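Read-outs throughout are calculated quantities, based only on the coordinates presented, and are distinct from any laboratory measurement. Here the structure is a predicted model, which means the values were calculated and not measured. A quick note on method: Cβ atoms are made from the backbone with ideal geometry, for glycine too, and the neighbour counts reach across all protein chains shown.
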Ligand code: WT7
């Protein structure tokens, strides 16, 4: 971009009034695979034709007989009769091409360590692990749980599972042993793959101790595979009977392995996420449609070319990590950078140092990380050369204007468009997002992608007028859609499909559409909090509090936070004799407030960040005894309480 363009863009930003448009420069347009955004969206009008066309980019063992089967909705089926394998498409097919010696994954961390694996090297490692899993008795359809940091072995293990048709379930390495137990027992895994620890802000977080604690309550697990990632274990003697080092496990395994012929609708993975009730939801994704959806959206939204170096900071314990840090870039034959550690250690320039060192071209992260880094000022983005960056991306929560502007000016130097991508664990793929040639409006994820249909509706499912807030629904099936909640079809139907008329998927988000058809997300309609982009269910937090002897009852709401988006605010009815600011009666001098913080963190892990705790005498409830968090939220925001007719007593 030349100087004049740059200054006009900056000018525009300076004059921001909430709905200004930022257009891409000529270089972005010249490079773009999709040159005409509107036309591409039009192509998606016939969803079956569009997605069938996109499915052609993959290598199918057998093509599908039918693109979409809607006969048993909401149990939609995509690419019915198609046979395919993810690992084959992500790895094996590339080693027959000139990509064979291209770097597939580039691992680095906050210490500056580096591991590069070419497609061929990754292929061999996956095969060894696949053979090892087979030797452990893992068959098609069996589940394998993982509790691993972002490290090459995680990528290898996930792909090894998909190779032999095992269903993987990655658990975010920041979750507590309570959460691990719940997630392993729900799917009855026979094998768990974990690591000794993970690097975080100069320390090593012990993961093995979490697994040790969890294993006391996981009767189905026969083998624990331990990656000696940080090198804490020197000796086999340190291990227990059913534990084996990853290195030892794959030792001597053959470096070739067959690819299980998977039906397009065979399960691929289960990933847990929070909902409105206490129990986490096991979101089940299947094979063919998921692959088509993520490969297409990554290519179109981030304009992926062969020479790109893609970096998504999303951890593989979440959907962003599955779809866009690992699978989609490999399905496109790209190079994906995986990073382990904090964004601000050894200093807040660590990410920019990596961008400069490797020449990262596409960078995808969460607004909360940007807001965190903004606090350290502009010094660090100026220390490094960020000229290699071509496109930036945002995911996880609405991006506020200040963070957008900082990203655009400080990281992208007003040259790089920002792709704000709206989607969910359940959708599997980007749903509302621009493409690089699009005119952007900071804070809006713009329009539904081609082949994606959404509407904003009222309680009855009737579309609301432009400019009016309503429930965001998806009106037609899409290929990467989750197929169910594991072992809980009733909840699947209840939570997502029964609320609105026929075939409308309830996202749980509120939104409005502006005059130009751009979508603005306006928060959640359910009791799910978004803390640093992570979903945390209010009920989960309440149960964690309630399990403490000092607490009688709890109500939890989200409280605005400038960095994390939301934090937990807890209203507690304490049992008699307890006081938040007096020592907890356990003999120590810990104040109850601190003790509760520790207790909640122990049950939910560090994702549940507590902002405030207040002790109250009563909680607003419906006549049937349900807590009305809405009332607490409105009071907190100083708003009108709305309809209080169902309220028992104020
Ligand atoms: C919820 C889904 C999608 C991967 C990471 C989060 C919120 C997500 C955006 C965005 C506004 C967003 C929504 C959504 N959300 N992306 N670009 N703009 N809100 O996945 O944990 O399943 O959370 O995150 O509320 O429903 P998730």
Percent of C-alpha pairs per 10 Å bin, the chain, short to long: 3, 15, 26, 28, 19, 7, 1, 0
Per-selection metrics, the range 106-193 (Cα): Rg and Dmax in Å: 13.8, 38
Sorted by Cβ neighbour density within 10 Å, fewest at the top, the residues 158, 628: 628, 158
Cα-based shape type of the range 180-257, given that a ≥ b ≥ c are square roots of the gyration tensor eigenvalues and the cut on a/c is 1.5: oblate
Packing-based order for 591-597, 377-383, 150-156, using average beta carbon neighbours within 10 Å, highest first: 150-156, 591-597, 377-383
Rounded, prolate or oblate (a/c below 1.5 giving rounded, otherwise prolate when a/b exceeds b/c) for the range 405-556 by Cα gyration tensor: oblate
Order of 221, 616 - criterion: other Cβ atoms within 10 Å of each residue's Cβ, fewest first: 616, 221
Per principal axis, descending, Cα span of the range 113-257 in whole Å: 37, 35, 28
The chain - mean residue ellipticity at 222 nm from DSSP helices (-39,500 (n - 2.57) per run, n ≥ 4, rounded to 500): -7500 deg cm²/dmol
Cα shape, the range 267-410, gyration tensor, a/c 1.5 rule: oblate
Stokes-Einstein D for the range 532-619, Kirkwood Rh over Cα pairs, 4 °C, 1.567 mPa s (µm²/s): 99
Added length on full extension, which subtracts the Cα-Cα distance from 0.36 nm per residue, residue 36 to residue 255: 74.4 nm
Ranked 93, 100, criterion: other C-beta atoms within 10 Å, fewest first: 100, 93
Nitroxide proxy distance, nm - points 7 Å out along Cα→Cβ at residue 635 and residue 116: 6.0
